[in-house]
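Undergrad: This is the structure, below, for whatever I ask next.
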Amino acid sequence: MFVEASNGPPMSLRLQAAQVAWLNTKLTLDFIAASRTWIDEDLISALLTAGVVDANVRGADDEGAARDPSIGAGILPNALRRPVNAISIAMSLGVPRESARTKLAGLVERGVLVRTDGGFVLRAEVSQSKPFKSAMEAFLLATVEFVDGLAMLNACGARDGDRVVTPAWPVAGLATRLMTAHVLKGIQHARSLKPEISLTTHYVLLWLSHLTGSALRVVQEPDAGRLGPLNPPFGPVSVIEVAKAARMDDETVRRHLGQLEKAGLVIRVAGKRDINLPDQTLVANWLDFQSRTILGTQQLVRKLYVAGVIVDRPSETIRLF
């Protein structure tokens, strides 16, 4: 599927927006994968925890109080964290309130979160645990790959040769907070296009989009362009392929894909599944979403430069520690 640029931004800008959207999708999936590893693979609990962490630190970051490098790679000290209630987290992620309450209560029971008078906060001890640090390491690697991809494209203010500072661990805390806020905002924007679809169904849709290369195919023939070194996939995929990538069982994925077919977002092609790119209304919404994604990424890159996470000099080897 190739969309002619008969109106709107020039094709070169549309292509770059599509490439940036592809990088953002990969980043989001890497973020979710890292989050799930320390929450026993539970998708909703992982995203709720990420939402709690983001809300806990957002106020401090906005005020500049969280930019002290002595804070290190862990979560902010208790004095800087702000609690968040279940309704706010449920609404931000599109999780039913009762489901959110049940999952959050389970996280409190497991000792991941603490419930205070003002809401939920991540337990300080958790931020020092091996599973949490392993997840942060994985997300930091995803951040390095994301920035490298933007630099490869000369996109969103990142220039060829720019890299995440090395060693990256001293800025890992701030980098992870900025990246988490960016990913969660992207998830919220994506859900706003089809709010009636559950978060888990959107997760399956995100994987299908990534595995079929749909973000790129809406503006060009199957060709990776500058993203070639990252080997973007193209074309329809099987239910089994989606299930394996999403780390879900085949029947669950088949059920969610069926819901997406009914919603007109997914089609069958020779027994496989693909995004419904022949639907011009869907493509128009997708192109609009990609334009908003590139604007959000530009804002993120500026913050990463100011924070010293991205530096404007080449580095042959990226060292996290």
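The values are calculated or read from the model by the stated rules, or taken from the named source; none is laboratory data. No experiment lies behind these values; they were computed from the predicted model shown. Cβ sites come from the backbone with ideal geometry, for glycine too, and all protein chains shown count toward neighbours. Just so you know, the surface numbers come from the protein's heavy atoms only, side chains and all, with ligands and any DNA or RNA stripped out. Shrake-Rupley method; radii C 1.70, N 1.55, O 1.52, S 1.80 Å.
Undergrad: In deg cm²/dmol, rounded to 500, what helix-only [θ] at 222 nm does the chain give when every DSSP H run of at least 4 residues adds -39500 (n - 2.57) and the total is split over its residues? Display every interim value, and only then the final one.
TA: Numbers: 11 runs with 181 residues, N = 321.
Value at 222 nm, helices only: -19000 deg cm²/dmol.
Undergrad: Take the Cα pairs of the chain, get the Kirkwood Rh, then feed it into Stokes-Einstein at 25 °C and 0.890 mPa s and tell me D in µm²/s.
TA: Values: Rh = 20.3 Å.
The diffusion coefficient I find is 121 µm²/s.
Undergrad: Follow-up. Measure off 7 Å from each Cα along the Cα-to-Cβ vector at Asp288 and Asn85, then give the distance between these two points in nanometres to one decimal.
TA: Placing both labels 7 Å beyond Cα along the Cβ direction yields 3.2 nm.
Undergrad: Provide the per-residue ³J(HN,Hα) series for segment 253-265, in order, calculated from phi with Karplus coefficients 6.51, -1.76, 1.60 and θ = phi - 60°, each as a whole number of Hz, with x at glycine and proline positions.
TA: Coupling constants for segment 253-265: 5, 4, 5, 5, 5, x, 5, 5, 5, 4, 7, x, 8 Hz.
Undergrad: Long-range amide H contacts for Lys194: which residues qualify at under 5 Å (H placed 1.01 Å from N, peptide plane, sequence gap of 5 or more or a different chain)?
TA: The answer is none.
Undergrad: Scan segment 126-208 for GluC sites (Glu not before Pro) in coil per DSSP, keeping those whose Cβ has at most 10 other Cβ atoms within 10 Å, and list them by number.
TA: On the way: sites: Glu137, Glu145, Glu196; in loops: Glu196.
Here the GluC sites (Glu not before Pro) that fit, given the DSSP loop and packing criteria, are Glu196.
Undergrad: Can you list the residues, at least 5 places off or on another chain, whose amide H is less than 5 Å from the amide H of Phe120, using H built in the peptide plane?
TA: Val84, Asn85
Undergrad: Using the crude model of +1 on Lys and Arg Cβ and -1 on Asp and Glu Cβ, and no other charge, please compute the dipole size for the chain relative to its Cα centre, in debye to 20. Intermediate results must be reported in sequence, preceding the final value.
TA: Working: 36 positive and 32 negative charges, 81 e Å.
That gives the chain a dipole magnitude of about 380 debye.
Undergrad: So what's the net charge close to Asp250: Lys and Arg +1, Asp and Glu -1, counting the other residues with Cβ under 15 Å from its Cβ?
TA: Summing Lys/Arg as +1 and Asp/Glu as -1 gives +3.
Undergrad: Here is a further query. Spelling out what I want: for every residue of segment 293-299, take phi, set θ = phi - 60°, compute 6.51 cos²θ - 1.76 cosθ + 1.60 (Karplus), and round to whole Hz; glycine and proline get x.
TA: Computed from phi, the couplings for segment 293-299 are 5, 5, 5, x, 6, 4, 5 Hz.
Undergrad: Cβ neighbours within 10 Å, averaged per peptide: list 152-165, 121-134 in order, most packed at the top.
TA: Details: 152-165: 18.2, 121-134: 16.0.
Most protected by this proxy first, the peptides run 152-165, 121-134.
Undergrad: Would you please give the residues with an amide H less than 5 Å from that of Leu113, counting only those at least 5 places away or on a separate chain, with H modeled from the backbone geometry?
TA: Here the answer is Val108, Arg123, since their amide H atoms fall under 5 Å of that of Leu113.
Undergrad: Now a separate question. For Gly118, what is the net charge nearby, where nearby means another residue's Cβ is under 11 Å from its Cβ and Lys, Arg count +1, Asp, Glu -1?
TA: +2
Undergrad: Then there's this: So for the chain, taking the charge dipole from beta-carbon charges (+1 Lys/Arg, -1 Asp/Glu), which of Val253, Asn154, Leu113 sits furthest toward the positive end?
TA: Comparing the listed Cα positions along the dipole, Leu113 ranks first.
Undergrad: Let me ask something else about it. Using all Cα-Cα distances in segment 196-321, what percent lands in each 10 angstrom bin from 0 up to the longest?
TA: 11, 34, 31, 18, 7
Undergrad: Pop out the ³J(HN,Hα) list for segment 126-135 in order, Karplus 6.51 cos²θ - 1.76 cosθ + 1.60 with θ = phi - 60°, rounded to Hz; leave Gly and Pro as x.
TA: Once rounded to whole Hz, the list reads 5, 5, 9, 6, 4, x, 5, 5, 5, 5.
Undergrad: Please grab the % of Cα pairs in segment 238-283 that end up more than 12 Å from each other.
TA: Details: 633 of 1035 pairs.
In whole percent, the long-distance tail amounts to 61.
Undergrad: Provide the net charge surrounding Glu41, with neighbours chosen by a C-beta distance below 12 Å and charges set as Lys +1, Arg +1, Asp -1, Glu -1.
TA: Values: positive: Arg36, Arg247; negative: Asp40, Asp42, Asp249.
So the surrounding residues net to -1.
Undergrad: Quick check: from the Cα gyration tensor, does segment 142-243 come out rounded (a/c under 1.5), prolate or oblate? Let's see the in-between values first.
TA: Working: a/c = 2.08, a/b = 1.29, b/c = 1.62.
Because a/c hits 1.5 or more and a/b fails to exceed b/c, segment 142-243 counts as oblate.
Undergrad: Continuing with the same structure: For Gln280 and Gln299 in one chain, what is 0.36 nm times their gap in residues minus the Cα-Cα distance, to one decimal in nm?
TA: Numbers: separation 19, 0.36 × 19 = 6.84 nm, distance 2.92 nm.
Length difference between fully extended and current span is 3.9 nm.
Undergrad: How many percent of the alpha carbon pairs in segment 185-250 exceed a separation of 20 Å?
TA: 38
Undergrad: Per residue, how large is the accessible surface of the chain? Use a 1.4 angstrom probe and give square angstrom. Numbers along the way, then the final one.
TA: On the way: 14560 Å² over 321 residues.
For the chain, the per-residue accessible area is 45 Å².
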